[in-house]
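What follows is a short report on a single structure.
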Amino acid sequence: MRYEVEILFGSGFDIWLHSYFLTGLIDLARDGEIKLRNMKKEDQQYWNSLQQPGFPLFVLKIKRTDCNASRVICFDPMDKSSVFQISCMAQVHHYYKRNFFRPYVEELPEDLREKVKPINPIFAVWSGRLPL
């Protein structure tokens, strides 16, 4: 197992918005690539406190097992290209934005702008391993 991944199931967790990330993580865990678990309660409280109500982010703490290096990343699945969760963005290493529009990203302060990465999975997914 190369990575340990702690996942935040926050108060705003939305299975429709977050299913594409969760499905991929579950498949990686099944393949033995990652160890997947819930974030510790105190970490959940902290990351939930940074999020705007009604605007759920998907936050992951990722640690490499071979060198103990870690990162916190979040996925912003909302379809609002001009809106960012600045308080959360300031605390993470990477902020993946579903609706990425470069002119809005360029309006951010440089230290935050560098964290924003595009990502756009738009449909709910399920694992191909599930029996139908």
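The values are calculated or read from the model by the stated rules, or taken from the named source; none is laboratory data. A quick note: this is a predicted structure, and the numbers were derived from the prediction, not measured. Cβ sites come from the backbone with ideal geometry, for glycine too, and all protein chains shown count toward neighbours.
The set of residues in segment 74-90 being farther than 30 Å from Gly32 by Cβ, surrounded by 12 or more Cβ atoms within 10 Å (Cβ to Cβ) and not aromatic (Phe, Trp, Tyr) consists of Met78, Lys80, Ser81, Val83, Gln85, Ile86, Cys88, Met89, Ala90.
Please verify whether Asp27 is in contact (Cβ under 8 Å) with a residue 12 or more places away in the chain, surrounded by fewer than 18 Cβ atoms within 10 Å (Cβ to Cβ) and not basic (Lys, Arg), treating the condition exactly as stated. Taking the combined requirement at face value, the residue satisfies it.
When restricted to residues that are crowded, with 18+ Cβ neighbours inside 10 Å and under 21 Å from Met1 (Cβ atoms), segment 37-55 contains 1. Of all residues in segment 70-86, those satisfying the criterion of being within 16 Å of Phe58 (Cβ to Cβ), without any contact (Cβ under 8 Å) to a residue 40 or more places away in the chain and not hydrophobic (A, V, I, L, M, F, W, C) are Arg71, Asp76, Asp79, Lys80, Gln85. Of all residues in segment 116-125, none satisfies being exposed (fewer than 14 other Cβ atoms within 10 Å of the Cβ), more than 29 Å from Met1 (Cβ to Cβ), modelled with pLDDT of 85 or more and not aromatic (Phe, Trp, Tyr). Of the residues making up segment 62-94, those that are in a strand (DSSP E or B) and among the aliphatic types (A, V, I, L, M) are Ile62, Val72, Ile73. Is it true that Asn99 is over 24 Å from Ser19 (Cα atoms) and outside any strand (DSSP E or B)? No: the conditions fail for Asn99. With respect to the conditions (1) modelled with pLDDT of 90 or more; (2) acidic (Asp, Glu); (3) farther than 17 Å from Glu4 by Cα, Asp76 falls short on a single one, namely (1). Screening segment 56-73 for residues that are touching a strand residue (DSSP E or B) at 6+ places or on another chain (Cβ under 8 Å) and modelled with pLDDT under 90 and picking the one that is surrounded by the most Cβ atoms within 10 Å (Cβ to Cβ) gives Leu57. Name the single residue that is nearest to the chain's Cα centre (by Cα) among those in segment 53-67 being closer than 17 Å to Gly32 by Cα and β-branched (Val, Ile, Thr). The residue in question is Ile62.
The numbered conditions (1) modelled with pLDDT under 95; (2) over 20 Å from Leu22 (Cα atoms); (3) of a type outside the set (A, V, I, L, M, F, W, C); (4) more than 14 Å from the chain's Cα centre (by Cα) are all true for Glu110 except (1).
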